[in-house]
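Novice: One structure follows; several queries about it will come next.
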Amino acid sequence: MSTGWPARLRRAGADASIGGVTASPSWLRALLDLVLPVLCVGCGASGSALCASCIRACAHPLAVRTPLPVVAHGWYAGELRTALIRYKERGQRDLAEPLAEVLGTALIHAFERAPPGGAVLVPVPSARAAARRRGGDHVLRLARKAGRALDLPVRSPLSLRWEVRDSTGLGAAERARNLAGAMTAQPYSGRTGGRAVIVDDIVTTGTTVREAARALTEAGWHVSGAAVIAATPRGARQAPHQVASHLTAGGTSVNELTDQVSHAESARSLPARAGVSERR
């Protein structure tokens, strides 16, 4: 990991009491592992719902041009895809800790050395119906855990103005229409900082992070970029260091980023990118 960050993500837990006897979290985890062993969803090893070996195996840091710079821990495939589906759609809550660690690693890659001054993690909001179905806002939960581990504040200024459709099965144009103008953000009221780093679970075309960035920018926030757990294996991408300067420079507007990326793509005569389904 790059300098400027803790050597490992911190895991915190409070002491618990059983029959009046105080037991440490590690003791309780050991007891539970004997009764109900936790198995890795990737390789089946005991001890963690997503083991360190599988986290390393799926680590392929990459950046997606949305045009907002978005850095992902790896591809939405294999162990990472399995873990996200089980956490997000099947309610496997013990995956929250390792997935938050993965999100934290994506943030470390995004910032390279240290976060910009005043950096705030801003999770993309879930639709109310989806949050009820999943037992809460799954991205907010991960953002809070990653924020605690990396000593970064987490704020939730974003909300949805109306219930958006489930994007599964929607084409790229339909998804864009579905989310167009759907988000609003509370105004940034601080004197310094307010440099939002959007966090989400998956990115493909970037429709969701673009809409989040639009709402935040209109509310007075500086949007420094975004970090996600996984990116789908389609669409344009580049090495994280090529976009990290956007995140460490202290933020820029969405329109500025759009102009910069559009100019670069025209100069290289890049082919048009095909639409990719987005899972949010």
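Please treat every number below as a calculation from the coordinates, not as lab data. For clarity, every value in this text was computed on a predicted model and none was experimentally measured. Please note: Cβ atoms are built from the backbone with ideal geometry, for glycine as well, and neighbour counts cover all protein chains shown.
Novice: Amide H neighbours of residue 50 under 5 Å, counting only residues 5+ apart in sequence or on other chains, H built in-plane at 1.01 Å?
Specialist: For residue 50, whose amide H was placed from the backbone, the distant partners under 5 Å are 41.
Novice: Let me ask something else about it. Return the sequence-ordered ³J(HN,Hα) values of segment 134-140 in whole Hz as given by the Karplus equation 6.51 cos²θ - 1.76 cosθ + 1.60 applied to θ = phi - 60°, using x for Gly and Pro.
Specialist: Here the 3J(HN,Hα) series is 9, x, x, 7, 5, 6, 4 Hz.
Novice: Could you please report the charge total around residue 121, scoring K, R as +1 and D, E as -1 over all other residues with beta-carbon less than 9 angstrom from its beta-carbon?
Specialist: +2
Novice: Would you kindly state how much longer the chain becomes between residue 93 and residue 53 on full extension, computed as 0.36 nm times their sequence separation minus their alpha carbon distance, in nm to one decimal? Provide the component values of the computation, followed by the final result.
Specialist: On the way: separation 40, 0.36 × 40 = 14.40 nm, distance 1.98 nm.
Between residue 93 and residue 53, full extension yields an extra 12.4 nm.
Novice: With unit charges on the beta carbons (Lys and Arg positive, Asp and Glu negative) and the dipole taken about the Cα centre of segment 36-149, which residue among 73, 102, 36 sits farthest to the positive side?
Specialist: 36
Novice: Same structure, new question: How much FRET efficiency would the formula 1/(1 + (r/R0)^6) give for residue 60 and residue 178, where r is the Cβ-Cβ distance and R0 is 41 Å, rounded to 0.05?
Specialist: Details: r = 29 Å, r/R0 = 0.71.
Result of the calculation: an efficiency of 0.90.
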